[in-house]
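Heads up: the structure comes next, in structure tokens.
Each value in this text was obtained by applying a stated rule to the coordinates, not by laboratory testing. From a predicted model like this one, the values you see are computed outputs, not experimental measurements. Positions of Cβ are generated from backbone atoms using ideal geometry, with glycine treated the same way; all protein chains shown enter the neighbour counts.
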Amino acid sequence: MVEDFKQKIAGDIAMSSEPGAAIRRWREEFGVSQQVLAEEVGVTHSVISDYESGRRKSPGVTVVKRIVEAFLEIDRRNGYPVMSRYSPDLKLDCIIAMGEFDKGIEIPDMVEAIGGTILNPDGYRNRLIRGFTVVDSLKAVLSLGCDDYLKIYGWNIDRALVFTDVHYGRSPMIAIRAHPLTPGMVVYHRPDQTDALAIKLAKLEGIPLVTTQITIEGLIAKLNAMKE
């Protein structure tokens, strides 16, 4: 989807009778100044200004590619607000499933529904769970930038973040603790083992840390059932 959007912008610039005007239009669409774009592309401010004003001849394929990649990189760091407008079905690759609950669900009720076990029963704040996000933890570690974490929270932060492909569970809790937003619950799907540090971090943050052994299909089905 990202590559399709890149091609759309590149084609619009390359096929335009006024490529400089097209660059300016897309720059304004992304809310980027000439200076910021120039720094991202690795050229001087005057180069971008000259292209947009027509003082410099039309940019070649390589320059257009660098400009388009700069737009998308800036948009990625901001959580893809522009791309999301043009691609409403955009979803991060690491997100397996996501949903919101019409009514808040008590933590013990949710744990029971997914056949879970709370690893820190005396070390969490009691919050209603109002949504869920199932995340492939390996893909998340490899692909998520700091700003991308906002997208896994959906419409609210009082949600269960469910991590699959968990070995010891240390990395997800470290990432959560490093981010200012705190989920209502963290669930590890079939972890090989849960690291003691992960449990300690969950206690420090007041987050119930839960493990479940049901299949991923069964887990998602139970989470979706709670939306009704």
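Across the chain, the longest run free of exposed loop sites, meaning trypsin sites (Lys or Arg not before Pro) lying outside DSSP classes H, G, I, E and B with no more than 16 other Cβ atoms within 10 Å, spans 126-226. For the chain, set up a GNM with springs between Cα atoms under 10 Å and report which of 218, 60, 206 has the largest fluctuation. Highest fluctuation among the options: 60. Rounded to the nearest whole Hz, the Karplus-based 3J(HN,Hα) values (6.51 cos²θ - 1.76 cosθ + 1.60, θ = phi - 60°) of segment 95-106 follow the sequence 8, 8, 7, 7, x, 10, 9, 4, 10, x, 10, 5, with x at glycine and proline. Largest first, the extents of the alpha carbon coordinates of segment 2-86 on the three principal axes equal 33, 25, 19 Å. Sparse packing (at most 14 other Cβ atoms within 10 Å of the Cβ) combined with a DSSP loop state is found for the following chymotrypsin sites (Phe, Trp or Tyr not before Pro) in segment 151-227: 155. For the pair segment 6-30 and segment 197-228, the centres of their Cα atoms are 45 angstrom apart.
Pairs of lysines in segment 95-225 whose Cα atoms sit within less than 25 Å of one another amount to 7, provided the residues are eight or more positions apart or on different chains. Counting every pair of alpha carbons in segment 95-225, the share spaced more than 23 Å apart comes to 21 percent. All alpha carbon pair distances within the chain were sorted into 10 Å bins beginning at 0; the resulting P(r) in whole percents reads 7, 29, 25, 15, 14, 8, 1.
With a length cut of 18 Å (Cα positions projected on each helix's long axis) and a Kyte-Doolittle mean of at least -0.5, go through the chain and give me the DSSP H helices that pass. Length and hydropathy pass: 2-15, 61-77.
Across segment 114-131, computed HN-Hα scalar couplings (Karplus, 6.51 cos²θ - 1.76 cosθ + 1.60, θ = phi - 60°) run 9, x, x, 10, 7, 7, 10, x, 10, x, 8, 7, 7, 10, 6, 8, 10, x Hz from first to last residue, x flagging Gly and Pro. Note on the chain: with a GNM built from Cα contacts shorter than 10 Å, the maximum mean-square fluctuation among 186, 41, 166 falls on 41.
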